[in-house]
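Inspection log for the structure reproduced underneath, given as structure tokens.
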Amino acid sequence: MKRIAVVEDEVYMREELCNMLQKDGYLAEAITELEDAARLLAALRPDLVILDLNLPEISGFQICQELKNKTAIPVLILTSRDQVKDELQAFHLGADEYLTKPCRKDRLLARVSNILKRYEGRTNLIEGPDFLLDQQTYTLYIHNTSVVLPKNQGKLLVALLSGGDALVTTEKLCIALWGTTEYIDENALQVNLTRLKKTMSGLEMKQRIVAVRGMGYRLETGVAP
């Protein structure tokens with residue numbers, strides 16, 4: 001069952017949206033702690049967020065920006081603001097859809113369904129703090145651009161990202177590259193890691209590869225290159 005989070009400060013509208021979504025077969029979650037909405041949404045990991053812009057404690061624009069900077073969760077803006085400049089700003093910040101209130105129920109549900117279908121094909125993506133990586137094609141989406149990594153660099157980055165903040169051993173990296181540890185070639189591994197580090201630096205990624213002597217490597221955020 002798809003989970004949809006609703007960020008709306010008006011109680012009646014919030015309840016109406018949640019009831020409508022539940023009747024259509026979705027699991028609806030209401031977010032009421034608006035100042036902390038981006039963090040709560042990132043932790044909840046819903047399949048879609050329906051977000052109002054006119055919120056009392058914080059702007060919906062800010063929530064959208066913070067969420068899109070951290071995750072690939074789709075965002076549908078549902079607001080009474082009908083100015084073109086507001087719509088353009090929302091899309092600039094990463095919103096996937098923009099609807100104005102009042103909105104017909106069937107129209108809203110159709111847009112919800114369309115967004116969810118578009119995102120179904122993104123299960124191969126790994127999220128980083130400021131990028132997405134396609135595990136199958138090794139395409140890196142970052143800073144409004146995309147780069148296809150060489151296969152070995154892609155394999156290494158997938159292995160490191162899969163480890164999260166934890167250490168990834170040299171053996172695991174060798175398996176990722178060559179499918180075996182029978183013939184571990186430290187020099188060849190170093191060459192590939194150096195190339196990946198150079199690529200990551202050139203793309204201004206926030207994460208850096210850090211060596212743990214005698215054990216392996218891990219990704220850290222904010223470490224100087």
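The values are calculated or read from the model by the stated rules, or taken from the named source; none is laboratory data. Note that the structure is predicted; figures quoted are calculated from it, not measured. Positions of Cβ are generated from backbone atoms using ideal geometry, with glycine treated the same way; all protein chains shown enter the neighbour counts. For accessibility, only protein heavy atoms count, side chains too; no ligands or nucleic acids. Shrake-Rupley method; radii C 1.70, N 1.55, O 1.52, S 1.80 Å.
Axis of helix 11-23 versus longest Cα principal axis of the chain: the two differ by about 70°, to the nearest ten degrees. Per residue, the average separation of C-alpha pairs within less than 8 Å and at least 6 apart gives segment 105-180 a relative contact order of 17 percent. The mean accessible area for residues of the chain, using a 1.4 Å probe and ignoring ligands and nucleic acids, is 54 Å² per residue.
Over all other residues within a Cβ to Cβ distance under 10 Å of ALA95, the charged ones net out to -2, with Lys and Arg as +1 and Asp and Glu as -1.
Helix 105-120 and the long axis of the chain differ in direction by around 0°, with both axes built from C-alpha atoms. In deg cm²/dmol, rounded to 500, what helix-only [θ] at 222 nm does the chain give when every DSSP H run of at least 4 residues adds -39500 (n - 2.57) and the total is split over its residues? Counting only the DSSP helices, I get -13000 deg cm²/dmol.
Rounded to the nearest 0.05, the FRET efficiency derived from the C-beta distance between ARG213 and LEU27 at R0 = 41 Å is 0.30. With distances taken between every two different alpha-carbon atoms, segment 21-64 has a Kirkwood hydrodynamic radius of 11.3 Å. Put a dot 7 Å past the Cα of TYR141, heading toward its Cβ, do the same for ILE126, and the two dots end up 1.6 nm apart.
Counting 0.36 nm for each residue step from ALA43 to THR181 and taking away their Cα separation leaves a gain of 46.1 nm. Remark: the Cα gyration tensor places segment 146-199 in the oblate category, a/c being 1.5 or greater and a/b not exceeding b/c.
One Cα centroid belongs to segment 146-180, the other to segment 37-91; the line between them spans 33 Å. Just check segment 115-225 against the gyration tensor rule for me: Cα atoms, a ≥ b ≥ c as the square roots of the eigenvalues, rounded for a/c under 1.5, and otherwise prolate or oblate depending on whether a/b exceeds b/c. Since a/c reaches 1.5 and a/b is larger than b/c, the shape of segment 115-225 is classed as prolate.
Each semi-axis of the equivalent ellipsoid for the chain is √(5λ) with λ an eigenvalue of the Cα gyration tensor; in descending order they amount to 40, 17, 15 Å. Over 5 Å intervals from 0, what percent of Cα-Cα pairs in segment 56-181 sits in each interval? Answer for segment 56-181: a P(r) of 2, 9, 15, 17, 16, 12, 10, 7, 6, 3, 2, 1, 0 percent.
The largest accessible area among ARG218, ARG107 belongs to the first residue in ARG107, ARG218, and the rest follow in falling order (1.4 Å probe, all chains).
Annotation: lysines with alpha-carbon distance below 20 angstrom to LYS105 (same-chain offsets under eight excluded): LYS2, LYS23, LYS117. Going by accessible surface with a 1.4 Å probe and the largest first, ASP24, ASP52, ASP47, ASP130 read ASP24, ASP47, ASP130, ASP52. Using a simple spin-label model with pseudo-atoms 7 Å out from Cα toward Cβ, THR169 and ARG118 lie 4.3 nm apart.
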